[in-house]
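One structure is given here, and the rest of the page talks about it.
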Amino acid sequence: MYIAASLAILVTMGLALARALSGPTTYDRIAAVNMHGTKTVLLIAVFAFLSGRTDVLDIALVYALINFIGVVAALKLVENGNFHTSDHYDDDVKEGEPK
Amino acid sequence: MFDVVVDIVLLTFLATTSFAIMRMTNLFAIIMLFGIFSLLSAGLFVVMDAPDVAFTEAAVGAGISTVLMLTTLALVKRSKEPYYDEAPKTHTAWLPLIVVIVTGSALIYGTWDIPNFGSADAPSQTHVARFYLENSLPDTGVPNTVTAVLASYRGFDTLGEVTVIFTAAVAVMLLIGGKRPKSVPKTEGEEAKDEA
């Protein structure tokens with residue numbers, strides 16, 4: 001059962017990767033990275049039970065946290081165009097689509 | 001056996017991501033793909049029974065360096081739209097390609113002498129590992145041998161590393177972080193807008 005679960009997670013990781021590669025908008029890629037991070041957490045968790053090394057679950061937790069921070073940073077950059085303001089004084093930067 | 005399947009699939013994803021990173025010109029997408037690359041390699045480390053390396057890869061590769069690269073992109077962005085596109089190429093890549101191929105061949109040649117994965121007569125198993133495995137628990141009382149070596153036997157070395165990392169972090173924060181006055185970091189576009 002764990003093997004079937006990890007195979008399904010691997011397929012989902014492949015689909016998320018395809019979305020990250022093809023885009024087309026910035027938000028697609030951010031969502032794909034977030035998705036990929038979640039799937040990595042799940043893969044590690046399933047693999048921990050599969051191999052009986054449940055101490056690896058701590059790493060899955062750290063991944064979940066780090067994934068969240070990374071996505072928030074990426075979204076803040078897309079929203080503001082920088083990291084040192086909270087307002088929108090830098091209006092030259094277009095939000096959203098790269099092309 | 002199943003480990004091998006997961007290894008192969010994850011390595012295929014890694015190769016796909018690397019090729020995409022090489023071929024893309026959208027720098028924002030490349031940073032996102034770097035995040036995926038880190039997550040994939042960290043998953044690979046876990047599958048290959050190296051959770052401590054995976055821990056570092058997750059913290060540094062997927063977390064910190066994604067944020068640092070995004071910050072750098074925000075600081076050095078072009079004033080032209082779209083700001084996260086790579087500047088056009090001005091030279092051919094033959095010399096770097098040759099250097100990479102030579103280095104890669106040397107590294108692959110170097111792997112021929114490496115003992116098999118988990119082999120009992122590998123130097124890493126026969127040299128000092130035995131001493132640490134036998135003595136680290138009574139010496140230090142730390143159940144994890146790697147932690148015992150890093151934090152107890154090599155405690156001063158680790159303290160030095162922490163100092164170096166702290167200094168680097170302070171320098172990076174001075175460079176890219178902190179509040180800026182609104183008038184100083186102006187690009188050409190903003191100046192034109194202010195005059196108008």
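The values are calculated or read from the model by the stated rules, or taken from the named source; none is laboratory data. All values reported here derive from a predicted model rather than from experimental measurement. Positions of Cβ are generated from backbone atoms using ideal geometry, with glycine treated the same way; all protein chains shown enter the neighbour counts. For the accessible areas, the whole protein counts, side chains as well, though only heavy atoms, and no ligand, DNA or RNA atoms are used. Shrake-Rupley method; radii C 1.70, N 1.55, O 1.52, S 1.80 Å.
Here are the numbers for the structure shown:
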quantity: Other protein chain Cβ atoms within 10 Å, averaged over every residue that makes up A:64-72; calculated: 5
quantity: Average projection area in nm² (convex hull over Cα atoms of the range B:1-45, one quarter of hull surface); calculated: 2.8 nm²
quantity: Accessible surface ranking that places the most exposed of B:THR145, A:THR38 first, with a 1.4 angstrom probe; calculated: A:THR38, B:THR145
quantity: Whole-Hz couplings from phi, Karplus 6.51/-1.76/1.60, listed for the range B:91-103; x for Gly and Pro; calculated: 8, 8, 9, 5, 4, x, 4, 5, 4, 5, 5, 4, 4
quantity: Nearest-10 value in Å² for the accessible area of B:PHE2, using the 1.4 Å probe; calculated: 30 Å²
quantity: Solvent-accessible ranking of A:TYR63, B:TYR132, B:TYR153, largest area first, probe 1.4 Å; calculated: B:TYR153, B:TYR132, A:TYR63
quantity: Residues B:ASP157 and A:VAL72, FRET efficiency given R0 of 30 Å [Cβ-Cβ distance, rounded to 0.05]; calculated: 0.30
quantity: Shielding score for A:21-28, defined as the mean number of other chain Cβ atoms within 10 Å; calculated: 3
quantity: By accessible area with a 1.4 Å probe, ligands and nucleic acids excluded, highest first: order of B:ILE101, B:ILE176; calculated: B:ILE101, B:ILE176
quantity: Qualifying trypsin sites (Lys or Arg not before Pro) for the range A:1-76 [loop in DSSP, other Cβ within 10 Å: at most 15]; calculated: A:ARG53
quantity: Spin-label pair B:LEU150/A:TYR27, simplified geometry with 7 Å Cα→Cβ offset, distance in nm; calculated: 4.0 nm
quantity: Computed E for B:ALA93/B:ASP49 - FRET, C-beta separation, R0 35 angstrom, nearest 0.05; calculated: 0.40
